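**Student:** I'd like to ask some things about the structure below.
Just so it is clear, none of the values below were taken in a lab; they were calculated from the coordinates. Because the structure is predicted, anything quoted here is derived from the model rather than measured. No Cβ is skipped: glycine too gets one built from the backbone with ideal geometry, and neighbour counts run over all protein chains shown.
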Amino acid sequence: MLKTFPKGGIHPPENKITSSKGIKRMTVPKVVNVPIAQHIGIPAEIVVDKKDKVEIGQVIAKSGGFVSSNIHAPVAGVVTKLDMIIDTSGYKKQCIVIRTDAKDEANFEEKEYPLKKNIELEPKEILKRISEYGIVGLGGATFPSHVKLNVREDKKIDCLIINGVECEPYLTADHRLMLEKAEEIVVGIKILMFALKIDKAVIGIENNKKDAINLFKNSVKNEVGIEVAALKVKYPQGGEKQLVRSILKREVPKNGLPLDVGVIVHNVGTIFAIYEAIQHNKPLIERVVTVTGKNLENPSNFWVKIGTPIKDLIAEVGGLPEGTRKLVNGGPMMGKAIKNTDVPVTKGTSGILVISEDEASRGEAKNCIRCGECVFVCPMGLEPHLLMNLSEKGLYEKASNEDIMTCIECGSCSYVCPSHRPLLDYIRFGKSIVKKLETSKN
Amino acid sequence: MSQPIIISASPHVHSDRTSKKLMYDVVIALIPAFLVSLYVFGIGAFIVTAVAVISCLLFEYLIQKFLLKTEVTIGDGSALITGILLAFNLPSGLPIWMIIVGSLVAIGIAKLSFGGLGFNIFNPALVGRVFLLVSFPVQMTMWPTAVVNNTSIADAVTGATPLGLIKEGLMFGDTMTNISADLPSNIDLFIGLTGGSIGEISALALLLGGIYLIVRKVITWHIPVTMLVTMAVMTGIFWLINPEQYASPLIHILSGGALLGAFFMATDLVTSPMTKKGMLIFAIGIAVITVVIRLFGAYPEGVSFAILIMNAFVPLINTYFKPRRFGSKIKSKIV
C-alpha cells in the first residue's frame, strides 16, 4: 500500500516531460543580478560596493537578522551596480549586479566534487555553517534552514523527513537531483541526523518516480535508521503537513509546525546543498532548475548560478516559442507568473515554465453551482467557496473563524472549480487582510 | 514575445471540467429514461417533454432579457435540465397550458426570483411539479397506462400508479395479497411497464443514468445510495411486521419517484449539501419523510415533498456539518 494523506487532493496531468533529461551545467552568464531578498524573512544587508572585485562564494550580503540568510557571490567578477530589478514577486527589488570576469578560471572550473562520506565537523559547527553558507529551503518556500534546525530545548525531534515528492506537475529538478546525487543526499541526511541527534529519517518520494525510489532503497540498505517511503501520486503530497501525515500518520496541529509533532522536513535539494556546504565548503550559489513547457524545443534541467537572468535559460532551451503567453517561476500549481525574462533565478526557483495561449487563459468565472468539489479536494478540510464568499464580502472575522489562515494555497480548489471561480485569489486576499487585522490587534 | 504576457496568480492550470459539461452529462444520463417513456407512453411523452423544455428555455430568456435585464444564460444547460426534469415528473397526458404554467413557476419563481443558477434554495423542477400537483390534482393524477410500443396519438386509457393502487386498496381495508393481483410484476416495474410520471417508470433506465453520473463524477454515491438504503430499511421493517398492511421494500424502491428522485432530483448540485457528511443527513431525511408520507400520509407518493422539505434544511446542514479541519484534533500520538 502506498502511503498518502486522507482528505482531499487532486490529480492534475503530470507532464513531467524533462524527467529523463540529465542536469546540464548552464554556461556561466556574463552578468548576474543577485537579489538580497531571496528568502522568507528579513532581506540581507549589502556588504559590497560598486566596482568591488568579488570572488566566487564570497559573502556579498550579510544576514539581516535571525530569520534571514547570507548571500554569496555566484561568480567571480566585479560589482557593476546596486540596482532595483523586478524579481519573481513582480516588484522592483534591490539587486547586486556582478559582471563575470571572463579571465577568472574559477568561474569556468567544472565543479564536480568526489563523494565524501566522513563527517568531520561537530554538530554545533554543522549548524553554524548551514546558517553561514546561505542555505534556505529549496523546495520553493525558501525558509532559512538554520531557523528550522534551531530546535528549542523543550521540543523533542525524533524524525527527519526528506521531501523528494515533487508533486508539482512539469517540475523534475528534485527527481533528477535524486537520480544523480543519491549517495551525496544520503550523506547529507546523515549529517543532519548527526547534528540534530535524531536516529530516524524517512525519504518520501511519489510513486511516479520509481527509479528514484529503487535507487534510494538501494543506497540506504546499509544505513541504520534511514527509510524510503513510496507515496501515492496525489497533489499536494509534497505539502509539508500532508507529507508528515502521509509518512508518519501524525497531524500537525492547526497553526502549528511539523516541529510540534517531533518532525523536521527538508527538501532533497536543501539536503544536497547542506552536503556540499559541510563536506566541500561550498555556499549556496547555484541550484537545479527545470526549464520546461509543452512547446519548448529542448526542455531540460540545469545547474544554474543564482542571479542568472531567465532569458539565458530560455535561450539555452531554444528560445521562447511562438504564442507564449505566460512565464512561471516554479510549477503550474503554486508558481508565480513573472513579468519579463530579465527576472533573475533565485534560491527558490525550482523551475521555469513556459505556457502557451491555450493553457494560459482562465475560463470566465460563472455562478457557483454549489457542487462542493472545492470542499472535497481541499487537503486542509476547508470550505473554499465559503472563504471566497466571506473575503469578497469583507467578512474577515468570519473568514478567520472558518480557519482561512490554515489555507496552504495549494490551488486545488481553483483547479477543480467547474465554474472557473477565482477561489484562491480571494482566499489569498482574505488571508492578507486577516493577517493585518491580527497583527494590529496584538 | 508577440503578444502581451499574462500575469495572474496561481494555479496556472485548470481541470477541463466545466459547469456546462456537468449539465450536459446530466442530460445524457436522462436519455435512457426518456427512451423508455417514449416506448411506453408514445408521442404524449415527447410532447410534454418538448413543451416543458421549450417553455423553460423561453421563460429564462424572456425574464433575463426583458425583466431582469441581465446576461442571458440559457446556454448553460441548467434551464434545459429543469425542463426535462419537470416533464419527467408529469403525467404524459397533461394539458399543454398546464405544462407552460409549471415551467413558469419552475424558472420564474423557483430559480430566477432567488437570483438564478446557484442561488435557488429549492429544486426548480420540483417546485414546478408540486405547484401543479396542488393546483390541478385531478389532471396531475390521471396516469395513462403503460402500453408496449405505444404509437397511439389519441388519449390513452388512464389508471392508477402502483403506489396509488396500494394506498387506495389499503385505505379500503384490502390486504396486500389482494392488491398485488392488480399490481405490475416486479420485473415490469424494473423495466418500466407501469403507469406513472414520464421519467420515473423505468428503474433500469434510471439506474443506467445514475451509474453514468457516478462514473462521470457528476454526483457521488452518497445521496442516492443512502436515500435508497434508508427507504428500503424503513419500509422493510414495516413490511416484516405486517406484510399484509405494508408493501415490500422492493415495490417501494422500484415504483414512484424513488429512483428518479434519488439519482436526479435529490442530487441536484445547487440544492444539495456540499459536504459528504451533510449529504448523508440530507439523504436520510428525504428517505424518512418519503416513507412517512407514503405509509401514513394522504398522498400515495412523497418523494417530491420530501426533497423540497430537505432542500430547506440544506443551508443549516452546510453550517453544522462541516468537513473536519486538518490539524483541529490531534489523534496521532508521538512515538
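**Student:** Stretch B:ALA181-B:VAL138 to full length: gain in nm at 0.36 nm per residue minus the Cα-Cα span?
**Tutor:** This chain segment gains 12.9 nm when fully extended.
**Student:** Let me test this: with uniform point scatterers at the alpha carbons of the range A:82-200, what is the Debye-based log₁₀ I(q)/I(0) at q = 0.10 1/Å?
**Tutor:** -0.47
**Student:** Now a separate question. What does the range A:123-280 give for Rg and for Dmax, in Å, if only its C-alpha atoms count?
**Tutor:** 14.3, 41
**Student:** Please order A:ILE98, A:ILE310 by the number of other Cβ within 10 Å, starting at the fewest.
**Tutor:** Lowest count first: A:ILE310, A:ILE98.
**Student:** Residue-wise, which Karplus ³J(HN,Hα) couplings in Hz belong to the range B:239-244, taking 6.51 cos²θ - 1.76 cosθ + 1.60, θ = phi - 60°, and x for glycine or proline?
**Tutor:** 5, 5, 5, 8, x, 7
**Student:** Just report the Cα centroid separation between the range A:319-359 and the range A:370-400, whole Å.
**Tutor:** A separation of 28 Å, based on Cα centres.
**Student:** Out of residues 5 or more away from A:VAL31 or on other chains, whose amide H comes under 5 Å of its own, with H placed 1.01 Å from N in the peptide plane?
**Tutor:** Excluding prolines and chain starts, which carry no amide H, the hits are A:THR100.
**Student:** Considering the Cα positions of the range A:98-139, please state its Rg to one decimal place and its Dmax as a whole number of Å.
**Tutor:** 15.1, 39
**Student:** I want to make sure I understand the PRE zone here: with the label point 7 angstrom from the Cα of A:ASP199 toward its beta carbon, which residues in the range A:154-183 have backbone N atoms less than 17 Å away?
**Tutor:** In the range A:154-183, the label zone of A:ASP199 (backbone N under 17 Å from the point 7 Å along Cα→Cβ) covers A:156-160.
**Student:** Further question: In nm, give the distance between the simple-model label positions of B:TRP221 and A:ASN214, each being 7 Å from the Cα along the Cα-to-Cβ direction.
**Tutor:** 3.5 nm
**Student:** Based on the Cβ-Cβ distance from B:PHE172 to B:ILE6, what FRET efficiency comes out when R0 is 60 Å, to the nearest 0.05?
**Tutor:** That pair, B:PHE172 with B:ILE6, gives E of 0.25.
**Student:** Further question on the same structure: Let me know the shape class of chain B, please: from the alpha-carbon gyration tensor, a ≥ b ≥ c as square roots of the eigenvalues, rounded when a/c is under 1.5, otherwise prolate if a/b is greater than b/c, or oblate.
**Tutor:** It comes out oblate by the Cα gyration axes.
**Student:** What's log10 of I(q)/I(0) for the protein assembly as shown at q = 0.05, 0.06, 0.07, 0.08 Å⁻¹, Debye sum over Cα points only, no solvent?
**Tutor:** -0.35, -0.49, -0.63, -0.76
**Student:** If you don't mind, another one. What does the range A:373-441 give for Rg and for Dmax, in Å, if only its C-alpha atoms count?
**Tutor:** My reading of the Cα-based Rg and Dmax gives 11.2, 38 Å.
**Student:** Using each residue's phi in the range A:198-212, evaluate 6.51 cos²θ - 1.76 cosθ + 1.60 at θ = phi - 60° and report the 3J(HN,Hα) Karplus result to the nearest Hz, with x for Gly and Pro.
**Tutor:** Per residue, the Karplus-derived 3J(HN,Hα) values read 10, 10, 9, 9, 10, 9, x, 10, 6, 5, 7, 10, 4, 4, 5 Hz.
**Student:** So who's got an amide H within less than 5 Å of the one on A:GLU227, skipping anything under 5 residues away but keeping other chains? H placed 1.01 Å off N, in plane.
**Tutor:** Here A:ALA201, A:VAL202, A:ILE203 satisfy the definition.
**Student:** Which of rounded, prolate or oblate describes the range B:19-140 when judged by the alpha-carbon gyration tensor and an a/c cut-off of 1.5?
**Tutor:** It is oblate, given that a/c is not under 1.5 and a/b is not larger than b/c.
**Student:** OK, next. Show that you can apply the helix-only estimate: for chain A, add -39,500 (n - 2.57) for every DSSP H stretch of four or more residues, divide by all residues, and state [θ] at 222 nm to the nearest 500.
**Tutor:** For chain A, the value works out to -8000 deg cm²/dmol.
**Student:** Of all the Cα-Cα pairs you can form in the range B:11-84, what percent are over 21 Å apart?
**Tutor:** Across the range B:11-84, Cα pairs with separations above 21 Å total 41 percent.
**Student:** For chain B, what is the calculated [θ] at 222 nm in deg cm²/dmol (nearest 500), taking -39500 (n - 2.57) for each run of four or more DSSP H residues and dividing by its residue count?
**Tutor:** Calculated from helices alone, the mean residue ellipticity at 222 nm is -16500 deg cm²/dmol.
**Student:** Something else now. With +1 on the Cβ of every Lys and Arg and -1 on the Cβ of every Asp and Glu, and nothing else charged, how large is the dipole of the range A:373-441 about its Cα centre, in debye rounded to the nearest 20?
**Tutor:** Its charge dipole is roughly 260 debye.
**Student:** Continuing with the same structure: Label A:ASN118 and A:ALA141 with points 7 Å out from Cα along Cα→Cβ: what is the distance between them in nm?
**Tutor:** 3.7 nm
**Student:** Oh, and also: How many percent of DSSP beta bridges within the protein assembly as shown run antiparallel, rounded to 5?
**Tutor:** Once the DSSP bridges in the protein assembly as shown are tallied, antiparallel ones form about 60 percent.
**Student:** Quick check: convex hull of the Cα atoms in the range A:325-442, volume per residue, rounded to a whole Å³?
**Tutor:** Per-residue hull volume (Cα only) is 132 Å³.
**Student:** By counting other Cβ atoms within 10 Å of each Cβ, how are B:MET23, A:MET405, B:MET227 ranked from fewest to most?
**Tutor:** The order, fewest Cβ neighbours first, is A:MET405, B:MET23, B:MET227.
**Student:** Follow-up question, since we're still on this one. Which length gain, in nm to one decimal place, applies between A:ALA106 and A:LYS92 when the Cα-Cα distance is subtracted from 0.36 nm times their residue separation?
**Tutor:** Working it through step by step, the gained length comes to 2.0 nm.
**Student:** Using +1 at the C-beta of Lys and Arg and -1 at the C-beta of Asp and Glu, which of A:PHE302, A:GLN237, A:GLN58 has the Cα lying farthest in the positive direction of the dipole of the protein assembly as shown?
**Tutor:** A:GLN58
**Student:** Sticking with this structure for a sec: In nanometres, what is the gap between the two model label sites at A:LYS232 and A:PHE66, each 7 Å from Cα along Cα-to-Cβ?
**Tutor:** Each label point is offset 7 Å from its Cα along the Cβ direction, giving 3.9 nm.
**Student:** Can you pull the semi-axes for chain A, root of five times each eigenvalue of the Cα gyration tensor, sorted largest first, whole Å?
**Tutor:** Whole-Å semi-axes of the equivalent ellipsoid: 32, 27, 23.
**Student:** While we're looking at this one, here's another question. Under 4.7 Å Cβ to Cβ, no partner at all: give me those cysteines from the protein assembly as shown, in residue order.
**Tutor:** Cys with no partner Cβ under 4.7 Å: A:CYS95, A:CYS159, A:CYS167, A:CYS368, A:CYS371, A:CYS378, A:CYS407, A:CYS410, A:CYS417, B:CYS56.
**Student:** Going 7 Å from the Cα of A:VAL47 in the Cα-to-Cβ direction, what parts of the range A:128-148 have a backbone nitrogen less than 16 Å from that spot?
**Tutor:** In the range A:128-148, the label zone of A:VAL47 (backbone N under 16 Å from the point 7 Å along Cα→Cβ) covers A:128-135.
**Student:** For a footprinting-style exposure proxy, rank A:HIS420, B:HIS14, B:HIS252 by other Cβ within 10 Å, fewest first.
**Tutor:** Least to most surrounded, the residues fall as A:HIS420, B:HIS14, B:HIS252.
**Student:** Taking +1 at the Cβ of each Lys and Arg and -1 at the Cβ of each Asp and Glu, which of B:PRO315, B:SER135, B:ALA110 sits farthest along the dipole of chain B towards its positive end, judged by Cα position relative to the Cα centre?
**Tutor:** Result: B:PRO315.
**Student:** When averaged across all projection directions, what area in nm² does the alpha-carbon convex hull of the range A:238-280 cover?
**Tutor:** 3.5 nm²
**Student:** About its Cα centre, what dipole magnitude does the protein assembly as shown give when the only charges are +1 on Lys and Arg Cβ and -1 on Asp and Glu Cβ, stated in debye to the nearest 20?
**Tutor:** So the magnitude is around 1860 debye.
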